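Step one of this worksheet: look at the structure below.
Taken together, the values in this text are just the output of simple stated rules run on the coordinates, not laboratory data. What you see is a predicted model; the values in this text were computed from it and never measured. Neighbour counts run over all protein chains shown; Cβ positions are idealised from the backbone, glycine included.
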Amino acid sequence: MTDNIPSTLNDAYDAIDPSIPLEQDDSRYIDFQNVRGENDEISAMVRRISRTRDTQYICQLFTGHRGCGKSTELFRLKKKLEDKNFFVVYFDVEQLLDIGDIDYTDILLAIAEQLESQLRENAHISIDKKLLEDISKWFSNIVEVEEDSLEGEIGASAEAGTGVEIPFFAKLFSRVRSDVKTSSLRRTEVRKNLERRSSELIERVNELIDNAQARLQREGRSGLVLIVDSLEKVRYRVIDEESKLNSHTLLFVENGEHLRSPNCHIVYTFPINLMLNNNIGQIFSQTTILPMIKINEEAGNTCDRGREQMYKMLALRINIESIFSDTNLVDDIISASGGHLRDFLRLVRYAFDLADEKITPVHIKKAINKLALEYDYLVKPNDLPRLHTVARDHQIPSDSEHALLLYNLLVLEYLNGKRWADVHPMVKGLSKFKNSKPEVLA
């Protein structure tokens, strides 16, 4: 261990923030591949993109349980692609858009905005000025924003801070994206206008991309890759009861062709429950899942390698010997997490909240009880028969009801030679689960 690893509760608190992914080359990164599955899926994605030539572009979907470490792996993907001389535009939709209500037009707008700004700021490459002017004029007419209305707002403040002139295109798209995120009325208006002209919107976005590709080629770059993160967090809501259309299928199935339309390599994250949707593979030919970290085998015996890796992950962030009264307590937290990285760090943080000096068994028990209460709210009576079936068979039937168990983290999926699943340990410990009768409900 290095000397700068925090050794007190106060100093270690930020080091275990479960909401912050590790960026590329972070010394705390742990390669969990040998306890996630047989293949290095990130390296496979890099090979797939690198081996594709000319105008044949790969549109890939990447999923896994929320909080399982996808963003950290996507930063790794970004670094590997940059090492092969690709220009990578990465953005997190949760930071740009309203994740509770998102449409394909919102994503295409974010792609256009982020492509232009990241090229200009990170690679010092500018899109053709005349093209930007033409697209800005078209777009401002469609969404009904006049150039004069932007003066003294975004542009003035941004330019004053950097001393660099920001194109009207950037100001316009930033303004509309902000409006769409914060105002439901404006969101409806913009979407309605753009959906009427969806083919033109796609054409305009591709004009930007094609120009960017040409300029990157002149710079000797291998190509352009877009990575759109956090779409797996899109809120699930039923849109039509009769057809059972929901927000996830609307975005990725009904409008999947729109998401595939940009003329470049793209990686989208998407909700894990859509893996059980038969239509998703007909639209997106490449789907990759990041399995959970295996801390137990399917038969129930412990997986020592997985537990050792999770212990090591924590040891790279905090001085376990100084903070825990007994280092064996970490294994109790690992068991309770089910191999889910975010829940693991949340449990550690909950224990931190309860302690003044060192973490004791009492703190661990209370932390587990707190997380269990959160899961208790998620488990509905109709879920219990399905949960017992999964606990018994270690398989997930391919229907929408079981798919939601995955989405809500009530069931976790693993991979070692074959796919298998189990009920989250937090759910198994709930009285409503233990007191229900599997022989009747199954």
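Protection proxy ranking of 380-391, 300-311, by the mean of other Cβ atoms within 10 Å over each peptide's residues and highest first, is 380-391, 300-311.
Note: relative contact order over the chain, using C-alpha pairs below 8 Å and six or more positions apart, is 24 percent. Proximity of backbone amide H atoms, modeled 1.01 Å from N, is registered between Thr288 and Leu61, Phe62, Thr63 at under 5 Å, excluding neighbours fewer than 5 places apart on the same chain. For the peptides 109-117, 86-94, the ranking by packing is 109-117, 86-94, with the highest mean count of neighbouring Cβ atoms within 10 Å listed first. The structure shown yields Cα extents along the principal axes in Å, and of the options [x] 84, 47, 34; [y] 65, 58, 43; [z] 76, 56, 50 that calculated value carries the label [y]. Rounded to the nearest Hz, the phi-derived 3J(HN,Hα) couplings of segment 197-204 under the Karplus curve 6.51 cos²θ - 1.76 cosθ + 1.60 (θ = phi - 60°) are 10, 4, 5, 5, 4, 4, 4, 5, where x marks glycine and proline.
With a threshold of 27 Å on the Cα-Cα distance, the over-threshold entries among Lys70/Lys358; Lys294/Lys365; Lys181/Lys294 are Lys70/Lys358; Lys181/Lys294. With each label modelled as a point 7 angstrom along the Cα→C-beta vector, the Ser126-Arg342 pair spans 4.1 nm.
May I ask which residue of Thr182, Val253, Asn206 lies farthest towards the positive end of the charge dipole of segment 173-260, with charges of +1 (Lys, Arg) and -1 (Asp, Glu) on Cβ and the Cα centre as origin? The one lying farthest along the dipole's positive direction is Thr182.
When the Cα positions of Val267, Gln286, His394 are compared along the charge dipole of the chain, His394 comes out farthest toward the positive end, with charges on each C-beta of Lys, Arg, Asp and Glu. Multiplying the residue separation of Lys312 and Asp331 by 0.36 nm and removing their Cα-Cα distance gives an extension gain of 5.7 nm.
3J(HN,Hα) along segment 129-141, derived from phi through the Karplus expression 6.51 cos²θ - 1.76 cosθ + 1.60 where θ = phi - 60°, amounts to 4, 5, 5, 4, 5, 5, 5, 4, 5, 4, 5, 5, 5 Hz, with x in place of Gly and Pro.
Picking from Leu415, His363, Ile323, whose Cα lies most toward the positive end of the charge dipole for the chain (charges on Cβ: Lys, Arg +1; Asp, Glu -1)? Checked the options; the winner is Leu415. Structural descriptor for segment 1-98: relative contact order 29 percent, calculated from alpha carbon pairs under 8 angstrom and at least 6 residues apart. For the chain, what is the percent of antiparallel DSSP beta bridges, rounded to the nearest 5? Taking every DSSP beta bridge within the chain, about 30 percent pair in antiparallel fashion. Amide H contacts under 5 Å for Phe86: Ser222, restricted to partners 5 or more places along the chain or on a different chain, H placed in the peptide plane at 1.01 Å from N.
Among Ser243, Ser337, Ser136, Ser436, a tally of other beta-carbon atoms within 10 Å of each Cβ gives an order, fewest to most, of Ser243, Ser436, Ser136, Ser337.
If you take every DSSP beta bridge fully contained in segment 38-289, what fraction is antiparallel? Give it as a percent rounded to 5.
On the way: 2 of 21 bridges.
For segment 38-289, the DSSP antiparallel bridge percentage is about 10.
Within the listed set Ala123, Ala421, Ala367, the Gaussian network model of the chain (springs between alpha-carbon atoms below 10 Å) gives the highest mean-square fluctuation for Ala123. For Ile359, the residues 5 or more places off, or on other chains, whose built amide H falls under 5 Å of its own are Phe324, Ser325.
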